[in-house]
Amino acid sequence: MLAVVSADMKRFTSTGGVAGTLQAALDDWEDVEPRLRELSVRLDIGQIDGRPFDETQCLSPLPRAFQFADASAYVTHMELVRRGRGADMPASYWTDPLIYQGCSDAFLAPRQAIAMPQEALDLDSGFGLDFEAEIAVITDDVPMGVAPDEALDHIKLVMLANDITLRHLVPGEVAKGFGFFQSKPPSAFSPVAATPEALGEAWQDGRLSGRLLVSINTRLFGDLDSGLDMNFHFGQLIAHAARTRPLSAGSIIGSGTVSNRDKDGGSSRPIGWGGKGYACIAEMRMMETVSHGHPDTRFLTAGDVVRIELKDARGRSIFGAIEQEVRQA
């Protein structure tokens, strides 16, 4: 069931008379969006009572999609991760967006467990289970060859993402020349998606500013600004993806792992070192290796809980939280 949620995230109302699913709404966005906006206004001003909203009961805004393309718009992240596995950083990464086609036939709910086989979770010989906290957008129909500035008009919704990565499988797959597959299981998205207009001044020129808070087992791991150090805005990412193909309504484009530089311009430092921390474990392990020759932070295993949330300038949660426990499948 598709629902409209109040701005304070306390109440919701069904959109059954307007659109039964988000995909149905996106397929007819020009006609449906004004009616959804009217429902939202009426809910916020109290003309509709609504029902108590419980984000823990939500599925992904799109439980599946025609396409999920994930980028690496924060190039500092790619610089650190490639350094960590001894790979060179091509100069083109700073001028030409990097995008891969992800798993889109089944997304995890924002509170659904990350279930992995036992061999993936072994800390000595496992797959290196990692999370990646990201911003993602959902588009309407995007024409082939769209310009970056025009592509911004095709962004209809914004949300959070946890792009799950099996780090130890990445080098072997990338070396084959065909890119990720086994190393990228299903991702998760936030309980709520918001229109760019609803985000107000936080949404500027295809970038979303906000306080991205990441924790592992309730311990703060990252406290980043999603609007900083994003080398390619979402218009550029969409234009890159649509250079030789159109994108269907309901396509999801991810930003890649949010990654901030330190105040001196260098790589960010861990929270415990007075820095902003990280939106994935791989960056933390890289900085530990640079600092004292070996990583200390382990990858995820059964029982670990990852939480990802973005707050606005007033400290309000914008999309609700992704919170997932790791379990043995």
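The figures follow:
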item	result
Leading residue by the ranking (most open to solvent (accessible area, probe 1.4 Å)) among those in the stretch 303-323 that are at pLDDT 95 or above and hydrophobic (A, V, I, L, M, F, W, C)	V305
Residue match in the stretch 166-185 (condition: open to solvent by 10 Å² or more (accessible area, probe 1.4 Å), within 24 Å of V5 (Cα to Cα) and not in a loop (DSSP other than H, G, I, E, B))	no
Residue under evaluation T95, criteria (1) open to solvent by 40 Å² or more (accessible area, probe 1.4 Å); (2) more than 25 Å from A239 (Cα to Cα); (3) of a type in the set (S, T, Y), criterion not met	(2)
Any hit, the stretch 165-182, residues being closer than 28 Å to A25 by Cβ and touching a residue at least 12 places away in the same chain (Cβ under 8 Å)	no
Condition broken by G254, with the remaining ones in (1) open to solvent by 20 Å² or more (accessible area, probe 1.4 Å); (2) on the phi < 0 side of the Ramachandran plot satisfied	(1)
Any hit, the stretch 44-58, residues being over 21 Å from the mean Cα position of the chain (by Cα), in a helix (DSSP H, G or I) and of a type outside the set (A, V, I, L, M, F, W, C)	yes
The stretch 109-159 - residue that is under 14 Å from S251 (Cβ atoms) and part of a loop (DSSP other than H, G, I, E, B) and, of those, least open to solvent (accessible area, probe 1.4 Å)	V146
Any hit, the stretch 34-55, residues being touching a residue at least 60 places away in the same chain (Cβ under 8 Å) and touching a Leu at 6+ places or on another chain (Cβ under 7 Å)	no
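Residue-by-condition table, conditions (1) of a type in the set (D, E, K, R); (2) touching a Ser or Thr at 6+ places or on another chain (Cβ under 7 Å); (3) at pLDDT below 95:
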{"position": "R83", "(1), (2), (3)": "yes, no, yes"}
{"position": "L98", "(1), (2), (3)": "no, yes, yes"}
{"position": "P110", "(1), (2), (3)": "no, yes, no"}
{"position": "D124", "(1), (2), (3)": "yes, no, yes"}
{"position": "E134", "(1), (2), (3)": "yes, yes, no"}
{"position": "G145", "(1), (2), (3)": "no, no, no"}
{"position": "P148", "(1), (2), (3)": "no, no, no"}
{"position": "H154", "(1), (2), (3)": "no, yes, no"}
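The values are calculated or read from the model by the stated rules, or taken from the named source; none is laboratory data. Values in this document were obtained by computation on a predicted structure and should not be read as measured data. Please note: Cβ atoms are built from the backbone with ideal geometry, for glycine as well, and neighbour counts cover all protein chains shown. These area figures cover heavy atoms from the full protein model, side chains too; ligands, DNA and RNA do not enter into them. Shrake-Rupley method; radii C 1.70, N 1.55, O 1.52, S 1.80 Å.
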